[in-house]
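Participant: One structure, as structure tokens, below. Some questions next.
The values are calculated or read from the model by the stated rules, or taken from the named source; none is laboratory data. Only a predicted model underlies this, so the values are computations on that prediction, with no experimental measurement involved. So basically every Cβ, Gly included, is an ideal-geometry build from the backbone, and we count neighbours across all protein chains shown. The area values use the complete protein model at the heavy-atom level, side chains included, leaving out ligands, DNA and RNA. Shrake-Rupley method; radii C 1.70, N 1.55, O 1.52, S 1.80 Å.
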Amino acid sequence: MKKLLAVTACPTGIAHTYMAAESLQKAAGEKNVPIKVETRGAVGVENELSAAEIAEAHAIIIAADTDVDEARFAGKPIVKVAVAQGIKIPGQLIEQALALQASAGTAAPQAQVAEGSDGKRKQPVFYKHLMTGVSHMLPLVVAGGLLIALSFFKLNPDEGTFLANLLKIGGAAMGLMVPILAAFIAFSIGGKPALAPGLVGGMLSTQLGAGFLGGILAGFLAGYVAKWLIQNIKLPRSMEGLKPLLIVPFLSVLVVGLLMVYVIGTPIKSLMDALTVWLEGIGSGNKIMLGAILGGMMALDMGGPFNKIAYTFAVGLLGSGVYGPMAAVMAAGMTPPLGIWLATVLAPKKFTQEEREAGKVASILGLSFITEGAIPFGAADPFRIIPAFMIGSGLTGALSMVFDVTLRAPHGGIFVLLVPNAISPVFMYLIAIAIGTVVTALLVNLFKKKTTQL
């Protein structure tokens, strides 16, 4: 019997990673196909695939938006799609993987990469590299942001006190945000030799005031510079060991550093300064537009590229002291799962028993700022449900911005309310979330014409 292996990974490593793994396992079980799924989540690699298992496998399914060390699968047929496709079309991916093996035909086939059989292309390479950086940056941002938020139990704590030290620790974690982002974007492109120029480019971006935009640019620059040097520097075999250890790090750090200092840093700093000034001084009309756009993006694909881009934008602004977009993004991300839960409560006859149970789970995920809790409902009836999500989240984001809500923590959902001064004003923030949740629920029940099975 043909055995399949799979790897799932998403930028945050919280929801999509495990939902895709579960979907693939369930679909394989229904088809009586043995499968082992490696998950690369926030807690690290779990259920890791061994070299022996890879050698015995007929094909590999990679459902991931980040780097998953594909080199170990050399010579194996591969079905490679975005992590969301692992959730939406697992059965088709299983069939496609089996068909690829059948067409490989030799003992040592060349690796094959297939797109999702629903006709959707896999994520652009740019997105994969960016999300690899974001996934490694997020633990620092979340830990640092929450520590900084905890330090606000007292505003302006005295030097040397416990709260002041919490602020210092959180600041240190946040200070590593841009260098780590740049380093792992570079790593995704050029491998380990690109880490050094990525870290240096990210640190220079921080020092020069170019912020997260400079860090993103530095990461891509470092990755492609290192990759080019590795591919084009030719040395005698006896000296090849010097290339990754001495020549590539030295030249790549030199090139990236000089470009950041003399070419890239100043204009990107000016752009970041202009963006910060604009965000701090925008009027009500622009606040509505910005909040609605960010909110709509959070709900459009519920953890996919648009969602992650909006979240990354808001997180990046935390380092510049701009806290309004973060509040809008988190509120809007909570709205779809909370809205679908309320919809199942208001009109239970429109939902199956399984959907009503899933709605209860979605409520907990929504309170925790895990938008992915609404995916099963959106995937089951996308043309009716997703527009309802987008309208509700767009309204929530717009209201949050108009109410001038600020949020200093990058994650935590409703539980951030337990930290004094992390959200301000708290009451208006809850009003924005409540209004968006109610609107989402009403629109879901209005648009939903028939009962759909999960």
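Participant: Evaluate the relative contact order of region 212-332 (contact order divided by residue number), counting alpha-carbon pairs under 8 angstrom at least 6 apart; express in whole percent.
Facilitator: Relative contact order of region 212-332: 24 percent.
Participant: Do any trypsin sites (Lys or Arg not before Pro) in region 394-454 lie in a loop, going by DSSP, with at most 12 other beta-carbon atoms within 10 Å of their beta carbon, and if so which?
Facilitator: The qualifying sites are Lys449, Lys450.
Participant: Right, something else. Which helices, taking whole DSSP H runs in the chain, have alpha carbons extending 27 angstrom or more along the helix axis plus mean Kyte-Doolittle at least 1.6?
Facilitator: Those that pass (Cα extent of 27 Å or more, hydropathy at least 1.6) are 426-447.
Participant: Let me spell out the model: positive unit charges on the Cβ of Lys and Arg, negative unit charges on the Cβ of Asp and Glu, origin at the Cα centre of the chain. What dipole size does that give, in debye rounded to 20?
Facilitator: 620
Participant: In the neighborhood of Thr8, defined by Cβ-to-Cβ distances under 11 Å, what is the net charge if each Lys or Arg adds +1 and each Asp or Glu adds -1?
Facilitator: -3
Participant: Give the residue from Val134, Ile62, Val225 lying farthest towards the positive end of the charge dipole for the chain; charges sit on Cβ (+1 for Lys and Arg, -1 for Asp and Glu) and the dipole is referred to the Cα centre.
Facilitator: The Cα lying farthest towards the positive end belongs to Ile62.
Participant: Note down the relative contact order for region 4-116 as a percent, whole number, built from C-alpha pairs under 8 angstrom at least six residues apart.
Facilitator: Once normalised by length, the contact order is 30 percent.
Participant: Still on this model: Can you give the longest run of the chain that contains no GluC sites (Glu not before Pro) sitting in a DSSP loop with at most 16 other Cβ atoms inside 10 Å?
Facilitator: 241-454
Participant: How large, in percent, is the carbon and sulfur part of the accessible surface of region 283-454 at a probe radius of 1.4 Å?
Facilitator: 72
Participant: Still on this structure: Per residue, how large is the accessible surface of the chain? Use a 1.4 angstrom probe and give square angstrom.
Facilitator: Heavy-atom accessible area per residue stands at 43 Å².
Participant: Still on this model: Can you give the relative contact order of the chain as a percent, counting alpha carbon pairs under 8 Å and 6+ residues apart?
Facilitator: Taking the mean separation of contacting Cα pairs over the length of the chain, I get 12 percent.
Participant: Kindly work out what percent of the DSSP beta bridges joining two residues of the chain are antiparallel, to the nearest 5.
Facilitator: The antiparallel proportion sits near 20 percent.
Participant: Quick check for you: which residues of region 194-224 have the amide N under 15 Å from the point 7 Å beyond the Cα of Gln231 toward its beta carbon?
Facilitator: 194, 221-224
Participant: Would you mind computing the Rg to Rh ratio of region 283-454 from its alpha-carbon coordinates, Kirkwood style for Rh?
Facilitator: Answer for region 283-454: 0.97.
Participant: So which trypsin sites (Lys or Arg not before Pro) in region 1-83 end up in coil per DSSP with only 16 or fewer other C-beta atoms within 10 Å?
Facilitator: Answer in residue order: Lys2, Lys3, Lys31.
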